[in-house]
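Novice: Shown below is the structure under consideration.
The values are calculated or read from the model by the stated rules, or taken from the named source; none is laboratory data. Just so it is clear, the structure is predicted and the values come from calculations on it, not from any experiment. All Cβ positions, even for glycine, are placed from backbone atoms using ideal geometry, and neighbour counts span all protein chains on display. To get the accessible areas, we keep the full protein, side chains included, count just its heavy atoms, and leave off ligands, DNA and RNA. Shrake-Rupley method; radii C 1.70, N 1.55, O 1.52, S 1.80 Å.
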Amino acid sequence: MAFWSGTVASKVPRKILFMFTLSLSVTYLFYSLMSCYNSLQFPLQDNFAYQARSAGTEETTLVREQLYSTSPGFAEAQFGHKSTVVSIVDREEGGDHAWTGTQRASATESTRLQAATEGDLRVNCTSDYGEKKLPQAIIIGVKKGGTRALLEALRVHPDVRAVGNEPHFFDRNYEKGLDWYRDLMPSTLEGQITMEKTPSYFVTNQAPKRIHTMARDIKLIIVVRNPVTRAISDYTQTLSKKPEIPTFEVLAFKNRTLGLIDASWSALRIGIYALHLESWMQYFPLSQMHFVSGERLIVDPAGEMAKVQDFLGLKRIVTDKHFYFNKTKGFPCLKKPEDSSTPRCLGKSKGRTHPKIEPDVIRRLHKFYKPFNMMFYQMTGQNFEWEQQEESVSRGSLV
């Protein structure tokens, strides 16, 4: 009996030691994983810094649904017994991020645990949740049509992640390769769309084939505008940078007396939309293209945004409540977030007053573009009604 009792006594400490060691290992692993999750950032879009803890698809879905139901400012989404803070900040590509007290404490505890525990166990964490992907949609044109206004409105949507600057990959930087291009993109969650916009793609001969090689099922958005107004807007931008250039009338004609239009001038050539669209239709069906009216984007931004969101397969989050009309600039601006002191409007380079162009020049240009416009209407199946604008050229539009 004494021998049996001694044997039990010697085995009990081993079991306790084993259980203690196992418990310590599991605890370390748990805190390490929690440290990783708490350092995650939800880059829902360039105007949202989202600090959250996520462990799977269900919570990601909950995050998105909760964000849908919130107004600009901040909101709380519940995960189990803990609260996750959603904060909206006005930023360009990066932005400052603030940890909550719970996150900071958890990270500190994790640091202490790692310092006190021996072993080579490591958990890989990343400060950006999601992954960088090649775009699933691109705004390919047109220059001075309203592409910046469209992009900024789309970036309000929580399921859109877009590059702010124009990458110019398919026209100027193609030799740098797809890895370089992908690295420019923001990180995205499952179900979010990666986007970029470079208006010069629409008039670049090599762009359709190059984009098709990258992703043949990509969605393409083209913002078009009365080609006469667009040309004047284009000239206005150039004039602001180079005041010494000739007048619009001089550049627009090969021979003013004979009324010969100089279609080789880029400001005019871009507006021959049918010519450029022909190149794209060799690689992509119309079902993968969506045409936005630059004029309607000014007078009814919510209506145009509804169509764009439908085309991209997005929930209609961006609505009329997000816009107000800025009389000074002459176009809609995004309403200010609750935590911002100023509304989000396009920069000083937008909304310039167009120089006064002689009525005869405008009339001749409308006549020049009319057959190309008719062809464009036929190709797209849409009538943009530019002929109704022949007697007036809008001022202060989406320049």
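Novice: In this structure, is Leu150 under 21 Å from Val308 (Cβ atoms), surrounded by fewer than 23 Cβ atoms within 10 Å (Cβ to Cβ) and within 11 Å of the chain's Cα centre (by Cα)?
Specialist: So Leu150 passes the test.
Novice: So is Lys356 within 25 Å of Trp386 (Cα to Cα), open to solvent by 30 Å² or more (accessible area, probe 1.4 Å) and at pLDDT below 80 or not?
Specialist: Numbers: within 25 Å of Trp386 (Cα to Cα): yes; open to solvent by 30 Å² or more (accessible area, probe 1.4 Å): yes; at pLDDT below 80: no.
Criteria not met by Lys356.
Novice: Return yes or no: is Glu190 open to solvent by 50 Å² or more (accessible area, probe 1.4 Å), closer than 20 Å to Gln309 by Cα and within 21 Å of the chain's Cα centre (by Cα)?
Specialist: Answer is yes for this residue.
Novice: For the range 138-167, give me each residue that is under 24 Å from Leu277 (Cβ atoms) and among the basic types (Lys, Arg).
Specialist: Within the range 138-167, the first condition is being under 24 Å from Leu277 (Cβ atoms), and the residues that meet it are 138-151, 153-154, 162, 166-167.
Correct list: Lys143, Lys144, Arg148.
Novice: For the range 194-246, how many residues meet the condition of being open to solvent by 50 Å² or more (accessible area, probe 1.4 Å) and either of a type outside the set (Ser, Thr, Tyr) or free of Cβ contacts under 8 Å to residues at least 24 places away in the same chain (or both)?
Specialist: 15
Novice: Further, regarding this structure: How many of the residues in the range 247-267 are within 18 Å of Pro359 (Cα to Cα), open to solvent by less than 40 Å² (accessible area, probe 1.4 Å) and outside any helix (DSSP H, G or I)?
Specialist: Residues flagged as within 18 Å of Pro359 (Cα to Cα), open to solvent by less than 40 Å² (accessible area, probe 1.4 Å) and outside any helix (DSSP H, G or I) within the range 247-267 amount to 4.
Novice: Output the strands (runs of 3 or more DSSP E) that fall wholly within the range 124-220 and possess 1 or more residues being under 20 Å from Thr380 (Cβ atoms) and either at pLDDT 95 or above or not aliphatic (A, V, I, L, M) (or both), or say none.
Specialist: 137-141, 193-197
Novice: Going by the conditions given, is Val142 of a type in the set (A, V, I, L, M, F, W, C), open to solvent by less than 10 Å² (accessible area, probe 1.4 Å) and touching a Pro at 6+ places or on another chain (Cβ under 7 Å)?
Specialist: It is true that Val142 is of a type in the set (A, V, I, L, M, F, W, C), open to solvent by less than 10 Å² (accessible area, probe 1.4 Å) and touching a Pro at 6+ places or on another chain (Cβ under 7 Å).
The rows are residues; the columns are (1) of a type in the set (Lys, Arg); (2) within 18 Å of Phe368 (Cα to Cα).
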| residue | (1), (2) |
| --- | --- |
| Ile218 | no, no |
| Ile221 | no, no |
| Asn226 | no, yes |
| Arg230 | yes, yes |
| Asp234 | no, yes |
| Asn255 | no, yes |
| Leu260 | no, yes |
| Met281 | no, no |
| His290 | no, no |
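Novice: Which of (1) in contact with a helix residue (DSSP H, G or I) (Cβ under 9 Å, 6 or more places away or on another chain); (2) closer than 27 Å to Ser266 by Cα does Asp217 not meet, given it meets every other one?
Specialist: Only one criterion in (1) in contact with a helix residue (DSSP H, G or I) (Cβ under 9 Å, 6 or more places away or on another chain); (2) closer than 27 Å to Ser266 by Cα is unmet by Asp217, namely (2).
Novice: Having 1 or more residues that are in contact with a Phe, Trp or Tyr (Cβ under 9 Å, 6 or more places away or on another chain), surrounded by 15 or more Cβ atoms within 10 Å (Cβ to Cβ) and among the small types (Gly, Ala, Ser) is the bar; report the strands (runs of 3 or more DSSP E) wholly within the range 268-337 that clear it.
Specialist: Working: elements: 289-293, 323-326, 331-334.
By residue number, 289-293.
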